[in-house]
Amino acid sequence: MAQPGWFDADTSFHLAVGRLIRQHGILHAFPWTSFSVMADRYADTELLLHLILAGLDGVVPGYAVGVAGTLLGALLLGTMMLVLRAEGVKRAGLWPLLALASSGAFCVRFALVRPHMLAVPLSLFITWAAVRRRLVLVFVGAVLYPFVHLGWISALGLVALAEIAHLVVSRRFDPRPVLAVVAGLATGLLVHPNFPAIVEHAWIEIAHTLFSAAWGGTGAIPIGGEFNPFVWKSALRFVALPGILAVAALASTLRRRPRDPATLTFALVACAFLLMTLKSQRFLETLAPFAVVAAALAFRDWRPRTVGGVLAAALVYTALVSQPLVAMVKSRPQPFSERAVAALDQAVPRDAQVFTCDWQLTGDMLLALPERRFMVALDPMLFYRKDRELFELWQRLVRQGPKQAAQTIRDRFGARFVLCEDNPAFFPLLRALLADPLATPRMRLAPLTLFELAPQGGGKRPAESR
């Protein structure tokens with residue numbers, strides 16, 4: 001499908017990986033992103049999602065993402081309902097709707113077919129299993145986590161908070177849940193087909209991208225916008241209601257001297273994710289479900305009419321303040337129309353190395369131009385950690401557009417083609433290539449421009465396309 005039913009390149013990447021798995025089997029290298037550490041040490045931290053997409057794409061081609069999104073959304077809301085029902089909350093099916101009504105930004109994250117749609121239900125499951133000391137379930141959940149999300153280490157934090165809640169309530173510590181989660185994570189990592197690369201990949205993403213680049217503010221690596229904090233206006237629009245639910249649940253639980261570790265556990269986890277969300281937007285996807293579960297447990301005595309009133313008020317507030325976000329999502333152009341895909345497929349031969357100006361459209365490129373090789377996907381840190389000098393050269397070429405840019409791209413990156421978005425940040429390179437005798441503009445299909453470079457030793461501009 002040239003016009004997919006989703007609006008982010010990461011979803012395109014996951015569907016592309018699913019198709020590659022269907023064609024090549026379980027992947028141990030990813031040569032389609034030549035300058036990433038994953039090129040020769042691939043770690044599929046979202047293997048379960050990719051297997052689901054691979055299976056669905058084989059059955060319902062073109063609709064795999066839509067079917068997967070429906071199933072994963074039902075899984076998340078259903079897990080919330082089952083946890084609340086297990087805890088004896090009345091009208092357990094009403095509360096999960098409050099998560100959707102609490103934040104327009106959460107609704108956007110909910111609509112994405114990405115690994116967090118498996119990780120959040122699994123986190124809810126592990127938290128409940130830990131607080132109820134269901135050791136086998138804790139172990140099984142921990143085994144699954146490395147197959148679901150790169151943040152598998154968070155399972156240990158969830159169990160630790162459950163034990164802290166038990167200490168507060170009963171003054172007793174039971175090491176068994178901690179041992180169960182450690183044993184489960186170790187088992188999951190060891191049986192994962194990409195061990196030990198999966199550990200290296202998680203370390204890069206958590207220690208370098210999140211802690212160093214995003215939270216440490218080093219500024220050396222351009223990271224995705226979802227790692228940035230909300231500005232205060234956006235926080236009021238999208239974080240205020242989940243934040244109020246999380247804080248109110250914790251305050252109410254502590255004020256009444258908690259007797260039930262489950263209520264305190266979910267409130268502690270929700271408040272922990274509230275702090276993380278204020279530093280990085282992406283954690284809202286976990287904050288909202290945990291905040292709603294915590295509130296449902298803390299205020300389980302509310303009448304259904306009261307819950308319905310809160311839900312209605314949240315829905316009205318979110319609808320009013322989310323209009324700019326909805327407009328932004330709807331206005332995102334699809335980079336690859338049917339015409340663009342057909343033209344690029346003819347112009348760029350398979351297995352060709354393509355130099356790109358950014359990483360954020362790599363998923364769309366992998367889907368539109370299968371079996372071509374690009375720079376890096378998902379996170380530029382994966383390029384930086386592989387070859388810092390070459391990464392910095394990439395950034396200089398794109399941002400400064402030096403003379404002889406075409407020769408540098410050809411010689412240092414081995415690329416015959418340059419495919420670049422019409423972004424003002426990339427205009428220096430585009431202007432340099434237009435003036436370079438070794439580069440020929442092949443086509444401009446907004447928002448993309450394709451150049452072909454003269455072969456090494458040729459020293460001549462390729463013939464103009466007619």
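The values are calculated or read from the model by the stated rules, or taken from the named source; none is laboratory data. Small disclaimer: the values here were computed from a predicted structure and weren't measured. Counting neighbours? That spans all protein chains shown, and the Cβs are built from the backbone with ideal geometry, glycine included.
Annotations
- Considering residues of the range 122-155 that are among the hydrophobic types (A, V, I, L, M, F, W, C) and surrounded by fewer than 17 Cβ atoms within 10 Å (Cβ to Cβ) only, the residue farthest from the chain's Cα centre (by Cα): 136
- Filter result (surrounded by 24 or more Cβ atoms within 10 Å (Cβ to Cβ) and either over 21 Å from residue 95 (Cα atoms) or aliphatic (A, V, I, L, M) (or both)) within the range 275-294: 277, 284, 287, 288, 291, 292, 293, 294
- Residue within the range 300-309 that is at negative phi, surrounded by 17 or more Cβ atoms within 10 Å (Cβ to Cβ) and either among the small types (Gly, Ala, Ser) or modelled with pLDDT of 95 or more (or both) present: no
- Within the range 287-309, the set of residues being touching a residue at least 40 places away in the same chain (Cβ under 8 Å), over 30 Å from the mean Cα position of the chain (by Cα) and in a helix (DSSP H, G or I) comprises 298, 304, 307, 308.
- Within the range 24-72, considering residues that are within 17 Å of residue 351 (Cα to Cα) and polar (S, T, N, Q), the one surrounded by the fewest Cβ atoms within 10 Å (Cβ to Cβ): 34
- Just one residue in the set 234, 212, 252 is hydroxyl-bearing (Ser, Thr, Tyr) and within 18 Å of residue 107 (Cα to Cα); that residue is 234.
- Matching entry among 268, 361 (being within 22 Å of residue 119 (Cβ to Cβ) and within 28 Å of the chain's Cα centre (by Cα)): 268
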